[in-house]
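To start, the structure itself, in structure tokens.
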Amino acid sequence: MTVIPLGRARRSAVVGALSAGLFAGITGLVGCSSEDPDAGTNGMADLSAAKIHSQARAAADSVASVTVNADLVVKGQPYKIDMQLNSDGGTGKITDNGVSFRLLRVGDDVFMQADAALLKEGDKPAKPSKLSDKYVKVPEDDPKYKRLRAYTDKGDLLDMLLDLPGKLSKGDRSTVGSVRTIQLAAGNGDGGTIDVSLEGEPYPLRLVRAGGAGTLKLSDWGQSVTVEAPAKNEMVDFGEQLPKSTG
């Protein structure tokens, strides 16, 4: 077989074609190696801030239950909320400047389980033996009833948490635990931020309040929460109204 030598022009064309193919292959590999930050997400990051907020609220309203854990600063004092809420009530603990009490609501009935530092009879602390592990039913006409009920009402609590002051804008991508999120900033961040899940349902997962006023985490969306009224032997009766020092 006779080998026909390639002319200079033809050799240049072949080399050029091979180089172009090699370059295309390399750039293709480079393109594949760069990760899409929104790959596998629910698409919330592509929406406007207002749309993300409305869908986050819709997702929150679509399930009956949520767990709220908050470390706040209220009037310069530490305030902690740990509540499990469902559509019929809630249960958990409130800590106000180091003094804690358990809070329970079943329907319209609100109960407190407090220690002697919080509940007093007149000007004297109630006897610890009387209050040990006991619940007090909060009368509906007591001035504290409405405020205490708000801590156990999922809808009311979400209204307070998710209605941030100022115009909303999209912030950075972040994470809450291992879950990817997109942040919403109110008033360019001066009004606080909300982290909305980019995985699965767009639940709100974290709220950072403005001015260093604390952080709230929302978790266990839709998981079962059981609330039951305490038995009679688990309660103590203070009459028509709680002592003035309570709550």
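Some points to look at:
- Every pair of residues 6+ apart whose Cβ atoms lie under 7 Å, when the first sits in region 83-111 and is free of Cβ contacts under 8 Å to residues at least 40 places away in the same chain and part of a loop (DSSP other than H, G, I, E, B) while the second is of a type in the set (S, T, N, Q) and surrounded by fewer than 22 Cβ atoms within 10 Å (Cβ to Cβ): 97/77
- Look at (1) buried (at least 18 other Cβ atoms within 10 Å of the Cβ); (2) outside any loop (DSSP other than H, G, I, E, B) and you find that residue 146 fails only one, number (1).
Every read-out reported here was derived from the displayed coordinates using simple, explicitly stated rules and does not represent laboratory data. Model, not experiment: these values are computed from the prediction. Please note: Cβ atoms are built from the backbone with ideal geometry, for glycine as well, and neighbour counts cover all protein chains shown.
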